[in-house]
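The values are calculated or read from the model by the stated rules, or taken from the named source; none is laboratory data. Because the structure is a prediction, the values reported are computed rather than measured. Quick reminder, even Gly has a Cβ in these numbers, built from the backbone with ideal geometry, and neighbours come from all protein chains shown. Side chains are part of the model used for accessible areas, which takes the heavy atoms of the whole protein and leaves out ligands, DNA and RNA. Shrake-Rupley method; radii C 1.70, N 1.55, O 1.52, S 1.80 Å.
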Amino acid sequence: MEFTAVYIWSQIFTVIEYTLLGASYLAKNRKAIVLLDIASMTTGIVAFMLLGADLGMAMSVVILLANFYYLWDEHDQGKNNKLTLRDYLVLLIVLAVIAVLAVLTYDGPLSLLSVAATVIYEISIFWQGNTRVYKLLGVPVAFCWMTYNGFVGSIFGVICEAVMFVTSIVGYVREVRVGKKKKARKRKK
């Protein structure tokens, strides 16, 4: 791996991507999570493009496009966001697109970690009426992306994803504690 200007720029975009992603794990509502993820994926696409990591870039594009749907759905459905047939169809389409892109951009067994991370992520954000699911599934997503970043030679991707791993655990623990406090307050009433 050479430390060219392109590689250095890829690492700068990687740090920006993961800063935004970390903020999403600490966000308190779905809309904030999705907006931060959109910004994160946009910078991640640029980083993977600069690294020549086609499958990672393709998975980031899928996540970005799906996030636009989730943002529209959040606006359309508001707080009463019950899963509809349309939502299930969108999830199936997204998963099908992931499968097609995985076949078209396959670069060895380790490249499939980006696919696993994307599938887990899409399922976590799809079921995210409860942000606890998103934050819990952030743990295996972080592990997969961390390993994939090592595969494509992104030093800061590995470092930042390790931080995301810890951040997702902290976000999940915080969510659980808040839930326990709410239950305790309800029991006192």
Open item on the list: Could you put 30, 86 in order of accessible surface area, largest first, with the 1.4 Å probe and the full protein assembly present?
Closed with: 86, 30
Open item on the list: Can you work out the Karplus-derived ³J(HN,Hα) for every residue in the range 28-39? Use 6.51 cos²θ - 1.76 cosθ + 1.60 with θ = phi - 60°, whole Hz, and x for glycine or proline.
Closed with: 9, 9, 4, 4, 5, 4, 5, 4, 5, 5, 4, 5
- [ ] Working with all protein chains in place, sort 188, 182, 135, 82 by solvent-accessible area computed with a 1.4 Å probe, largest first.
- [x] 188, 82, 182, 135
Open item on the list: For the pair residue 84/residue 169, report the inter-label distance in nm, with labels modelled 7 Å from Cα in the Cβ direction.
Closed with: 4.0 nm
Task: Theoretical gain in end-to-end length, residue 110 to residue 132 [0.36 nm per residue, Cα-Cα removed] - done: 5.1 nm
Open item on the list: If DNA, RNA and ligands are ignored and the probe is 1.4 Å, what is the ranking of 3, 13 by accessible area, most exposed first?
Closed with: 3, 13
Open item on the list: Give me the one-decimal nm value for the distance between modelled label points at residue 181 and residue 93, 7 Å along each residue's Cα-to-Cβ direction.
Closed with: 4.0 nm
Task: Accessible area in square angstrom per residue, the chain, 1.4 angstrom probe - done: 53 Å²
Open item on the list: Ignoring everything except DSSP H segments at least 4 long, calculate the 222 nm mean residue ellipticity for the chain; use -39,500 (n - 2.57) per segment, divide by total residues, nearest 500.
Closed with: -29500 deg cm²/dmol
Task: Non-local Lys pairs in the chain, i.e. 8 or more apart or on different chains, that have alpha carbons under 14 Å apart - done: 5
- [ ] Mind jotting down the distance between the C-alpha centroids of the range 1-75 and the range 120-181, whole Å?
- [x] 14 Å
Task: Rounded percent of accessible protein surface that carbon and sulfur make up, the chain, 1.4 Å probe - done: 72 percent
Open item on the list: With a 1.4 Å probe and all protein chains kept in place, how much accessible area does residue 107 have, in Å² rounded to the nearest 10?
Closed with: 100 Å²
